Amino acid sequence: MEKFWKIEEDPSATNYSPNETACEEFFQRTVARDSSGRYMVRLPFKETVTQRLGDNKKSPLHRFRLLENRLPRNASIAQQYRDFMAEYAQLGHMAPLSDFGDELHPKYYLPHHPVIKESSTTTKLRVVFDASSKTSSGISLNDALLVGPVVQDDLRSIVMRSRTHKSS
């Protein structure tokens, strides 16, 4: 019976933790749309952790050098990777870091690597970004961000809703 009442509970009633509430409020305050209609969302940093994020240039640079050594072995994958990075820059998702960074807005290098799936019919290469990579202080970018609440319905609720009939 308890599970039934939990499913039937008012969806506007929330049991968010203080961190989830802070993250949700931050999102509501900062989400916006640009002139092209795309959503722009700022990262919800934990204020206390951001100052301790630390330097992280060494590890991503090492990973990038390994990647540069690996890519020439497969010209097709190398071209797909270059195309992805060019598109990413063209879309404004990344920019040269020399244009940014000061004491108020420190630099952060986001490690990444390509993942190849030969059996894929659409995209054989996708790039994976590693925000869990630790900085010199032992804190990762993921550690410095608030974690928001789960906003999707759980699978059981979706299945239950699909089994109910709309009344006429």
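The values are calculated or read from the model by the stated rules, or taken from the named source; none is laboratory data. All of these numbers come straight from a predicted model, not from anything done at the bench. A quick note on method: Cβ atoms are made from the backbone with ideal geometry, for glycine too, and the neighbour counts reach across all protein chains shown. Ligands, DNA and RNA are excluded from the accessible area calculation, which covers all protein heavy atoms including side chains. Shrake-Rupley method; radii C 1.70, N 1.55, O 1.52, S 1.80 Å.
Placing R0 at 35 angstrom, the Cβ-Cβ distance between residue 19 and residue 137 gives a FRET efficiency of 0.95 after rounding to 0.05. A cut-off of 5 Å between modelled amide H atoms, ignoring neighbours fewer than 5 places along the same chain, links residue 55 with 136, 137.
On the beta carbon distance between residue 76 and residue 128, with R0 = 25 Å, the FRET formula returns roughly 0.85.
Based on the alpha-carbon gyration tensor of region 28-168 and its eigenvalue square roots a ≥ b ≥ c, which shape applies: rounded if a/c is under 1.5, prolate if not and a/b is larger than b/c, or oblate? Oblate shape, in that a/c is at least 1.5 and b/c is the bigger or equal ratio. The simple spin-label model puts a point 7 Å past each Cα toward its Cβ; for residue 117 and residue 40 those points are separated by 3.2 nm. Positive end of the dipole of region 52-166, charges at C-beta (+1 Lys, Arg; -1 Asp, Glu), about the Cα centre: which of 72, 146, 94 has its Cα farthest in that direction? Farthest towards the positive pole: 72. Amide hydrogen proximity for residue 112: with H placed 1.01 Å from N in the peptide plane, the residues at 5 or more positions away or on another chain lying under 5 Å are 130.
Whenever you get a sec, line up 36, 140, 59 from highest to lowest accessible area (probe 1.4 Å, protein heavy atoms).
Largest accessible area first, the residues go 36, 59, 140.
With R₀ set to 25 Å, the beta-carbon distance separating residue 150 from residue 33 gives a calculated FRET efficiency near 0.55.
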